[in-house]
Amino acid sequence: MTKARNPFPAPPSSRRPGDNGSQRSELSVFWLAEDDISYHGLPPLLMKVPNVGRAAVGQNAAEARALLEEEDFDLAVIPLTALPEIMGGGPLRAFPKTLATIREQDVEVVSSLGRRYGVDGYLLRDEINVVGLSDAFEQVFRGDVPAPSGVARGPVTGAGDASGPAAHPIRRLTERERTVLALLRRGMSNHQIARAMGITIHGVKRHVSNLLVKFDCSNRTEVALVAERLGMDSPSRSRRAVRRVT
């Protein structure tokens, strides 16, 4: 397996016949993996993509920010739910073109969140393969916006507008996400939430990232304010649900 800080070159057999070393034919790609399976499986997959000449795979947002600061990449592939943590941590030296990996349930908030963080296109996580990646990478550098069917490319209404499709994100929350939101609104830190729920800090961060996406917000405070505006029960009335999960 290739470590994120040791980007691997594509073998000669993975290059297209007639490549002349142009940027489109020899792309440098960074990919933030969502789990251990992706982290171990992405390197050999990317080595088979004809227009990739160098690539690195990261395991977490902190590593992604560090590597994107240190290395020059033509393209970054980032999970949609990780964008707030990576892009919200202050400006990076020079952020490359970006593709966001998404799941079916992310479709309703893709456009607004993508515009906020300057996403250049989208990849459906369950449909990632060599041919699809090669085509998507080509589209990005042609100025097109690769996106799976069903993803709106035009403006969508944000969570703050009660008439839009994201007007009631509370209905789409899982039980765990509701619990995390209730604890967050009581002012708890990620570590305190992890202890209260008996889960890892990484699990809490994943739930918080999901909340940012579903509420179309850039930080925890916005999530709490939007939840209150949409009529979610006050934190004090959510304690019974919190104890049920812990």
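What follows is calculated from the coordinates using simple rules that are stated; it is not laboratory data. For clarity, every value in this text was computed on a predicted model and none was experimentally measured.
Couplings for the stretch 53-66, taken from phi via the Karplus curve 6.51 cos²θ - 1.76 cosθ + 1.60 with θ = phi - 60°, read x, 8, 8, 9, 10, x, 9, 8, 5, 5, 5, 4, 4, 4 Hz in order; Gly and Pro are left as x. Full extension of the chain segment joining Arg103 with Gln59 gains 14.0 nm, where the gain is 0.36 nm per residue of separation less the Cα-Cα distance.
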